[in-house]
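Read the structure below first, then the notes.
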Amino acid sequence: MAETASRSASGPTRFPPCLCSLREPERSDALAAAVAQAERVFLALDYDGTLTPIVSHASAARLSQEVRKTLALLADAEDFCVSILSGRALADVRSRVGIPRVIYAGNHGLEIAGPDWSHVEPEAEHRLAELRSLAQRLSDELTTVPGAWVEDKGLTVCVHYRQAEEVSWPTVHDTVRKVCRGTESWLRVQPGKRTWDLRPSLECHKGTAAAYIRRRLGLDEAFAVGIGDDVTDEDLFAALRDGLTIHVGLDHDTRACYRVAGPAEVLDFLGWLARVRGLAGTGGEG
Ligand SMILES: [Mg+2]
């Protein structure tokens, strides 16, 4: 990938300059050759904001039939491993995608499952009772903020405030800080897109999840592709620095090699991947 990767070795690049080559991927001969010649391809995808548009309520983020069809085509190929790594609970993201051959990682990699295997981080399971308590306290405190709500995802907790009035956002931030005070030794509190994610501060994230899947399935030598839109996807990009990484959106700094505007361009790219790999039923423009 050295001939196509554009990031600096010393740190993130604010505006990766190769965006245009992904908007019209056929122009990038070096990239197409690298993808076509790889023995196997490992695909690690975020869900919300990457495969689906960002919506006002997380429950409304549905996969389109077109995206599902393209993912199924890739997942059915013997030389492809498709994984979806999400901050959602594993059962949630798996039910939303519903493709049996896909590998799913939920709760930022604390739980991972393939078609006939699963892995849960034991240290996270030990904190379940404390996480329940935090979720309940946050939920109680935030009843005074219309539009803010708490999602209990088992091994993690997420505070959503996208639908809250902007004037009340500081109240949300203060409440999260107050309720989480004293948990610094074991809890990681991380901002997202109008969310606060609370999770056990283990060395466990989308990057470690991708590494676990590659190691477990013997994919360390596979051509790796990572795509995501959120700050939590930066861990994935770091883990896949030997591969092709794509940040979705134009909103924040990234260490990814490339950048695309939104989920529509991700679908275009996945269609291009299928065509370059010669998969059947990919005669159209993705
Ligand atoms: Mg996302």
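The values are calculated or read from the model by the stated rules, or taken from the named source; none is laboratory data. Not measured: the values here are computed from a predicted model. Please note: Cβ atoms are built from the backbone with ideal geometry, for glycine as well, and neighbour counts cover all protein chains shown.
With respect to residue 258, is the statement that it is touching a helix residue (DSSP H, G or I) at 6+ places or on another chain (Cβ under 8 Å), hydroxyl-bearing (Ser, Thr, Tyr) and crowded, with 22+ Cβ neighbours inside 10 Å true? For residue 258, the condition - touching a helix residue (DSSP H, G or I) at 6+ places or on another chain (Cβ under 8 Å), hydroxyl-bearing (Ser, Thr, Tyr) and crowded, with 22+ Cβ neighbours inside 10 Å - is met. I'd like the full set of residues that are more than 16 Å from the ligand (Cβ to nearest atom) and buried (at least 19 other Cβ atoms within 10 Å of the Cβ), limited to segment 82-93. Listed by number, the list holds a single entry, 82. Is there a residue in segment 261-279 that is in a strand (DSSP E or B) and either within 15 Å of the ligand (Cβ to nearest atom) or not β-branched (Val, Ile, Thr) (or both)? For segment 261-279, residues in a strand (DSSP E or B) and either within 15 Å of the ligand (Cβ to nearest atom) or not β-branched (Val, Ile, Thr) (or both): absent. Considering each residue of segment 270-284 in turn, at least one proves to be modelled with pLDDT of 90 or more, under 25 Å from residue 30 (Cβ atoms) and under 16 Å from the mean Cα position of the chain (by Cα).
Examine segment 63-81 for a residue that is closer than 21 Å to residue 161 by Cα and either within 15 Å of the ligand (Cβ to nearest atom) or modelled with pLDDT of 95 or more (or both), and state whether such a residue exists. So far as segment 63-81 goes, no, none of its residues is closer than 21 Å to residue 161 by Cα and either within 15 Å of the ligand (Cβ to nearest atom) or modelled with pLDDT of 95 or more (or both). As a summary of the residue check, residue 159 satisfies the conditions (1) touching a Leu at 6+ places or on another chain (Cβ under 8 Å); (2) part of a helix (DSSP H, G or I) except for the one numbered (2). Would you check if residue 189 is touching a strand residue (DSSP E or B) at 6+ places or on another chain (Cβ under 9 Å), surrounded by 24 or more Cβ atoms within 10 Å (Cβ to Cβ) and not assigned by TED's automatic domain parsing to the domain that holds residue 87? No.
Restricting attention to segment 34-62, and to residues there that are acidic (Asp, Glu) and within 16 Å of the ligand (Cβ to nearest atom), which single residue is nearest to the chain's Cα centre (by Cα)?
Among those residues, the one meeting the criterion is 46.
Number of residues in segment 107-146 that are more than 17 Å from residue 46 (Cβ to Cβ) and assigned to a helix (DSSP H, G or I) equals 21. Cβ separations smaller than 9 Å between residues 6+ apart or across chains give the following pairs from segment 179-193 residues that are assigned to a strand (DSSP E or B) to residues that are among the aromatic types (Phe, Trp, Tyr): 189/196; 190/196. Being at pLDDT 95 or above, more than 16 Å from the ligand (Cβ to nearest atom) and in a helix (DSSP H, G or I): is that true of residue 22 here? For residue 22, the condition - at pLDDT 95 or above, more than 16 Å from the ligand (Cβ to nearest atom) and in a helix (DSSP H, G or I) - is not met.
May I ask you to list the residues in segment 225-245 that are within 16 Å of the ligand (Cβ to nearest atom), in contact with a Cys (Cβ under 9 Å, 6 or more places away or on another chain) and of a type in the set (A, V, I, L, M, F, W, C)? Of everything in segment 225-245, just one residue is within 16 Å of the ligand (Cβ to nearest atom), in contact with a Cys (Cβ under 9 Å, 6 or more places away or on another chain) and of a type in the set (A, V, I, L, M, F, W, C), namely 237.
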